[in-house]
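Structure first, commentary second.
The values are calculated or read from the model by the stated rules, or taken from the named source; none is laboratory data. Quick caveat: nothing in here was measured; it's all calculated off a predicted structure. Cβ atoms come from the backbone with ideal geometry, glycine included; neighbour counts cover every protein chain shown.
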Amino acid sequence: MKRIAGIALVACLSLPSVVSATDAEKAVELNSFKDKLSYSMGLDMGTYLNGIGEELDYDRLILGLKSGFEGTDALMSMEEMQSVQKEFAEKMKAKQEAQMKALQEKNKKAGDAYLEENKKKEGVIVTDSGLQYNVVKEGTGATPKAEDTVKVHYKGTKIDGTVFDDSNTRGEPAIFGVTQVIPGWSEVLQLMKEGASYHVVIPSSLAYGEQGVPPMIEPNSVLVFEVDLLSIEEAPKK
């Protein structure tokens, strides 16, 4: 069975990133639970190693795996392994930080340009915080206070039009506290009346900021929402 696990890892590393079930079956038979577990763990390892972005020596990778799996003598001391893995971790951290910075700058530039153009549109109101909105439909009910709970329908999109969340497609409105959401939401809800519909553009500083919510929302993303304030809900009894 050890040989089967080794073959599985070799197979998953040598096959293309997209492999049909038929091709995989030709490479190795997966009959027993142990066969399947071995292959799935090998595939996980191969996928991880393929995604770390570091050039690895295939033969030495397999040699190290074989030594660890079979419990044979290692060719490196524990100190050497810790040192090289620490160096690798530092390189990966620096690379990720550079990628994050580049993405932050790219999205900040695109977001600023979008906000600048949007505020010129007819009917758009810009608040002191930088929040932008226009009234699609006026409401006639009460206006929520900070301590209130509200029921809303909404659709959230990125500035390129990509929808990342939509309560309408889920078939039920969202219910939450006015201050339990991002600052841009808290602000606009307290400007609306029950029954109102607003088109809202939220700067990243009033949304998820420089970190974002990967992978759904990138850092420094300006977010666009269609918000329908359905009602102010009765506060839950304590």
Exercise for review: Kindly establish whether Leu131 is of a type in the set (A, V, I, L, M), surrounded by 12 or more Cβ atoms within 10 Å (Cβ to Cβ) and not assigned by TED's automatic domain parsing to the domain that holds Gly42.
Suggested key: yes
Review point. Mind checking which residues of region 200-238 are in a strand (DSSP E or B) and surrounded by fewer than 16 Cβ atoms within 10 Å (Cβ to Cβ)?
Key: Val213, Glu233
Review point. Do any residues in region 20-46 that are within 16 Å of Leu65 (Cβ to Cβ) have Cβ atoms under 6 Å from those of residues that are surrounded by 12 or more Cβ atoms within 10 Å (Cβ to Cβ) and at pLDDT 65 or above, where the two are at least six apart or on different chains, and which pairs are they?
Key: Tyr39/Leu30
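Listed here are the residues, each with its yes/no results for (1) in contact (Cβ under 8 Å) with a residue 40 or more places away in the chain; (2) assigned by TED's automatic domain parsing to the domain that holds Asn220; (3) over 30 Å from Ile217 (Cα atoms).
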position: Leu75; (1), (2), (3): no, no, yes
position: Val84; (1), (2), (3): no, no, yes
position: Lys95; (1), (2), (3): yes, no, no
position: Lys101; (1), (2), (3): no, no, no
Practice item. Would you mention how many residues in region 28-59 are in a helix (DSSP H, G or I) and farther than 24 Å from Lys93 by Cα? Key: 12
Exercise for review: Filter region 113-128 for residues that are free of Cβ contacts under 8 Å to residues at least 60 places away in the same chain and either in a helix (DSSP H, G or I) or within 15 Å of Ser221 (Cβ to Cβ) (or both) and give the result.
Suggested key: Ala113, Glu116, Glu117
**Study point:** Any hit, region 81-94, residues being exposed (fewer than 15 other Cβ atoms within 10 Å of the Cβ), in a loop (DSSP other than H, G, I, E, B) and over 23 Å from the mean Cα position of the chain (by Cα)
**Key:** no
Revision key, fill the gap. Residues of region 212-238 being at pLDDT below 95 and either of a type outside the set (A, V, I, L, M, F, W, C) or in contact with a Gly (Cβ under 7 Å, 6 or more places away or on another chain) (or both), in sequence order, are Pro214, Pro215, Glu233, Glu234, Pro236, Lys237, Lys238
Review point. Quick check: anything in region 193-202 on the phi > 0 side of the Ramachandran plot and out of contact with any strand residue (DSSP E or B) (no Cβ under 6 Å at 6 or more places or on another chain)?
Key: yes
Check your understanding: For region 147-199, which strands (runs of 3 or more DSSP E) that fit wholly inside it have 3 or more residues that are modelled with pLDDT of 95 or more and either among the acidic types (Asp, Glu) or surrounded by fewer than 15 Cβ atoms within 10 Å (Cβ to Cβ) (or both)?
Key -> 163-166, 174-177
Practice item. For Ser40, state whether it is under 29 Å from the mean Cα position of the chain (by Cα), modelled with pLDDT of 90 or more and among the polar types (S, T, N, Q). Key: yes
